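Novice: Shown below is the structure under consideration.
The values are calculated or read from the model by the stated rules, or taken from the named source; none is laboratory data. The shown structure was predicted, so the numbers you read here are calculated from the model rather than taken from an experiment. Note: ideal-geometry Cβ built from the backbone for every residue, glycine included; neighbour counts use all protein chains shown. Side chains included, ligands, DNA and RNA excluded: accessible areas come from the protein's heavy atoms. Shrake-Rupley method; radii C 1.70, N 1.55, O 1.52, S 1.80 Å.
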Amino acid sequence: ICDAAPGLPLYYYHIPGSTRCTVKATDLLAAAAAPRNATSSAPRLPQLAGIKYVSDDLWDWFEAVLRFNSTHSLAKHQSVKACAVCHRRIDPPGFALECFDPVGNFRTRYRVGKGVKRTADAGLRFLHKDYTLGRRVECSGQTADGFTFTDIHGFKQHLMKSKEQVARNLLSLLLTFATGTEIQFADRQEVEAILQRHESANYPLRRVIDEVVNSRMFRHR
């Protein structure tokens, strides 16, 4: 493809969940930068201009941008004003939550399915393993206000400094789930009243759910 269109940039769409292609982005970039042959120092894919990355393997993405694409590295996310406006806020929660897989299971290592065949033995599905354990999950980072955390537990403690806002967000999500619609402006007063009633008890979840079920917002919508 590159030989046929030498003047056009090439972008690779990395979406292993749909394509089932398990080649890592770091391996692809390393192969693209390697010499084309023994007699030439030219890269194998000189037109490769970038990768659209859609995968839960955040560490593979992290290594790819740091090793092969300094223009879009995390340092640039923090230092370039146009990038930092969003990334200094959205990157830290993403890194902290990297310890959970796509279905919410806690993990300390990534699963690698490349070259592993699923067992054909009869029995319960959860007893079968069609993966091996790969590199450790990295969950450290720094928030926009300068707080440094090393895992989800540290990030959680930082969030709990804004306990009322966490409770407000949880209550809003519960109401959205229960009613099937977003919180309206007219609902805000009732939401705040619920929060005030349970502030002294640190917003126990059972009581908050009971408030949702008995609220006007749930019963009359």
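Novice: Among helices (runs of 4 or more DSSP H) lying entirely in segment 151-221, which contain 2 or more residues that are over 25 Å from the mean Cα position of the chain (by Cα)?
Specialist: Fully inside segment 151-221 and qualifying: 163-179, 188-197, 205-214, 216-219.
Novice: Assuming residue 195 fulfils every condition listed in (1) farther than 27 Å from residue 106 by Cβ; (2) free of Cβ contacts under 8 Å to residues at least 24 places away in the same chain; (3) surrounded by 12 or more Cβ atoms within 10 Å (Cβ to Cβ) apart from one, which condition is it?
Specialist: Of (1) farther than 27 Å from residue 106 by Cβ; (2) free of Cβ contacts under 8 Å to residues at least 24 places away in the same chain; (3) surrounded by 12 or more Cβ atoms within 10 Å (Cβ to Cβ), only one is false for residue 195: (2).
Novice: Would you confirm whether any residue within segment 199-206 is surrounded by 11 or more Cβ atoms within 10 Å (Cβ to Cβ), in contact with a strand residue (DSSP E or B) (Cβ under 8 Å, 6 or more places away or on another chain) and not acidic (Asp, Glu)?
Specialist: No, the conditions are met nowhere in segment 199-206.
Novice: Same structure, new question: Out of the residues in segment 17-44 meeting the condition of being open to solvent by 50 Å² or more (accessible area, probe 1.4 Å), modelled with pLDDT under 80 and aliphatic (A, V, I, L, M), tell me which one is nearest to residue 135 (Cα to Cα).
Specialist: Selected residue: 33.
Novice: Just to be sure before I move on: is residue 1 β-branched (Val, Ile, Thr) and under 32 Å from the mean Cα position of the chain (by Cα) in the structure I sent?
Specialist: Against the criterion (β-branched (Val, Ile, Thr) and under 32 Å from the mean Cα position of the chain (by Cα)), residue 1 does not qualify.
Novice: List every residue pair whose Cβ atoms lie under 9 Å apart, where the two residues are 6 or more positions apart in sequence or sit on different chains, the first residue falls within segment 148-159 and is over 17 Å from residue 107 (Cβ atoms) and among the polar types (S, T, N, Q), and the second residue, located anywhere, is open to solvent by less than 60 Å² (accessible area, probe 1.4 Å) and assigned to a helix (DSSP H, G or I).
Specialist: 148/154
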